[in-house]
Amino acid sequence: MAFTPRVFSGTQPSGDLHLGNYLGAIKRYVEMQKTHECIYCVVDMHAITVWQEPADLRRATREVAAAYVAAGVDPKKNIVFNQSRVHQHAELAWVFNCVARMGWMSRMTQFKDKAGKNTEHVSLGLFAYPALMAADILLYKATHVPVGEDQKQHLELTRDIAAKFNNDFGPSIREQGLDADYFPITEPVIAGPATRVMSLRDGTKKMSKSDPSEQSRILLMDDADTISKKLKRATTDPEPLPSEEKGLEGRLEADNLVGIYAALADTTKAEVLRQYGGQGWGAFKPALADLAVARLAPIAAETRRLVADPASIDAFMADGAARASETAERTMSEVRRIVGFIR
C-alpha cells in the first residue's frame with residue numbers, strides 16, 4: 001500500500017524547553033513542513049507519566065506550542081495541537097497495549113534509565129509509554145518521524161507493533177476490504193549534526209532539563225547574557241580544535257560544541273572545522289555564543305509574545321485538534337471493526 005507521506009512528531013511539556021529540544025526536534029519541524037504534510041503535537045498525556053503540577057502543565061503546554069510557532073511552524077499549513085484534546089490517542093494506545101508484549105516493553109532503555117532501581121514505585125504509564133507513542137504516530141498513519149538518537153528504540157517498537165497488528169489481524173483487515181498493510185512501517189528521520197545534544201558540563205550525558213546543574217543546558221528562554229556565559233563556561237579540553245572531523249574522536253565535549261555550532265549555522269561539522277580548525281576555545285566559544293544568541297533570541301521574544309496571549313494559543317491548538325480528530329476518528333472507526341468491537 002502506498003501511504004501518503006506524512007510526518008508526526010511531538011514534544012513533552014514537562015519542563016522548560018532547551019537547546020536539545022530545539023536542535024533535535026523543533027528546528028527540524030520547521031524544515032520538514034516545506035516538503036511534507038506535518039502533524040506536530042504537544043504530548044501532554046506523555047508528560048503525566050511522572051507527576052506534574054496541573055497549573056505548571058497547562059503553562060508548559062502553551063509554551064511548547066508557542067515555541068513551535070515562534071520557531072517557524074505554520075499552524076495553518078500544519079496541524080498543531082495538544083495530545084489530550086484528541087481522545088483517540090488513548091483509545092488506540094489501549095489496543096496497542098494488548099498487541100505489544102511485556103518483553104518488548106521491558107527492554108526499553110529509557111524506562112530503565114528513568115525508573116532506575118525504583119521500578120516498583122513508578123507509574124504503569126511510564127512503563128506503557130512506548131505503546132502510547134506508537135498510537136500517536138500510527139493514528140495518523142505517519143510515514144516519517146523526526147527523532148533524536150535516544151528515541152530510535154521507541155520508533156523500532158512502533159514498527160514492531162505495526163507489523164504485529166497487521167499480521168495478527170490480517171484476515172479481519174481483508175474482510176473489511178482494507179489493505180493488508182494497514183499500518184505503515186514508519187521511518188525514523190535522524191539527520192543533522194546535532195541529533196543528540198549533550199550536557200555543556202559532561203559530554204557523556206544528554207542535555208536535560210532534569211540535570212541538577214543549570215550550567216549544563218541552554219534554555220530557549222534564556223537571555224543573551226545567560227546564553228553567552230553558559231557557553232563560555234562549557235567544559236572543554238586543552239587542545240585546539242582539529243581541522244578534520246576524525247580529530248573529534250574521543251573528544252566528547254569538543255564534538256558536542258562543534259555539532260551545536262554546525263546545527264545552528266545550518267552547515268556541517270566539517271565546514272565548521274575548516275573555519276576554526278587550529279584555533280583555541282578562546283576564539284571559538286565567543287563565536288558560538290554570538291551565533292546562539294542570534295538564532296535563539298528572536299524565538300524567545302516571539303514565544304514570550306505568544307504566551308502573553310494564551311487565548312490565541314488555545315485557539316490554534318483547538319483548530320489543530322479538530323483537524324487531527326477527523327483523521328484520528330477515520331483510523332479508529334476502522335480499528336474498532338478490525339479488532340471486533342461493536343459500535
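Every read-out reported here was derived from the displayed coordinates using simple, explicitly stated rules and does not represent laboratory data. Every value quoted in this text rests on a predicted model; they were computed, and no experiment measured them. Methodologically, a virtual Cβ is constructed for each residue, glycine included, from the backbone with ideal geometry; neighbour enumeration extends over all protein chains shown.
Observations
- Cα centre as origin, Lys/Arg/Asp/Glu Cβ charges: the chain dipole, Debye: 180 debye
- Residues 317, 32, 105 arranged by fewest to most Cβ contacts within 10 Å: 105, 32, 317
- Segment 118-141 and segment 275-295 have their alpha-carbon centroids 40 Å apart.
- Net charge dipole, segment 214-304: roughly 160 debye, given to the nearest 20, about the Cα centre with Cβ charges of +1 for Lys and Arg and -1 for Asp and Glu.
- Each Cα pair under 8 Å and six or more residues apart adds its separation to the average, and for the chain the resulting relative contact order is 23 percent.
- Put in line by how crowded their Cβ is, counting other Cβ atoms within 10 Å and starting with the fewest, 338, 190 read 190, 338.
- Tensor-based shape of segment 1-147 (alpha-carbon gyration tensor, a/c under 1.5 rounded, otherwise prolate or oblate): oblate
- Segment 221-310: trypsin sites (Lys or Arg not before Pro) falling in loop per DSSP and having at most 11 other Cβ within 10 Å: none
- Inter-centroid distance (Cα atoms) of segment 1-65 relative to segment 206-255, Å: 24 Å
- Applying both filters, DSSP loop and at most 12 other Cβ atoms within 10 Å, to the chymotrypsin sites (Phe, Trp or Tyr not before Pro) of segment 264-343 gives 341.
- Short to long, the 20 Å bins of the Cα pair-distance histogram for the chain hold 29, 55, 15, 1 percent of all pairs.
- Low-density loop positions, chymotrypsin sites (Phe, Trp or Tyr not before Pro), segment 28-114 - DSSP coil, at most 12 other Cβ in 10 Å: 51
- Burial ordering of 333, 228, fewest other beta-carbon atoms within 10 Å first: 333, 228
- Dipole of the chain computed with +1 at Lys/Arg Cβ and -1 at Asp/Glu Cβ about the Cα centre; of 132, 220, 32, farthest Cα towards the positive end is 132.
- Relative contact order of segment 214-304, pairs being alpha-carbon contacts under 8 Å that are 6 or more residues apart, as %: 38 percent
- Once each of the GluC sites (Glu not before Pro) sitting in a DSSP loop with at most 15 other beta-carbon atoms within 10 Å is removed, the chain keeps 121-243 as its longest stretch.
- Of all beta bridges that DSSP places with both ends in the chain, some 10 percent have antiparallel geometry.
- 0 to 90° range, to nearest 10: angle between helix 310-339 axis and the chain longest Cα axis: 40 degrees
- Signed unit charges on C-beta, dipole axis of segment 176-276, positive-most listed residue 204, 254, 235: 235
- Candidate aspartates and glutamates for bridging to residue 164, where Cα separation is under 20 Å - those fewer than 8 sequence places away on the same chain excluded: 91, 136, 156, 175, 179, 181, 187, 334
- Computed [θ] at 222 nm, deg cm²/dmol, the chain (DSSP H ≥ 4; -39,500 (n - 2.57); rounded to nearest 500): -16000 deg cm²/dmol
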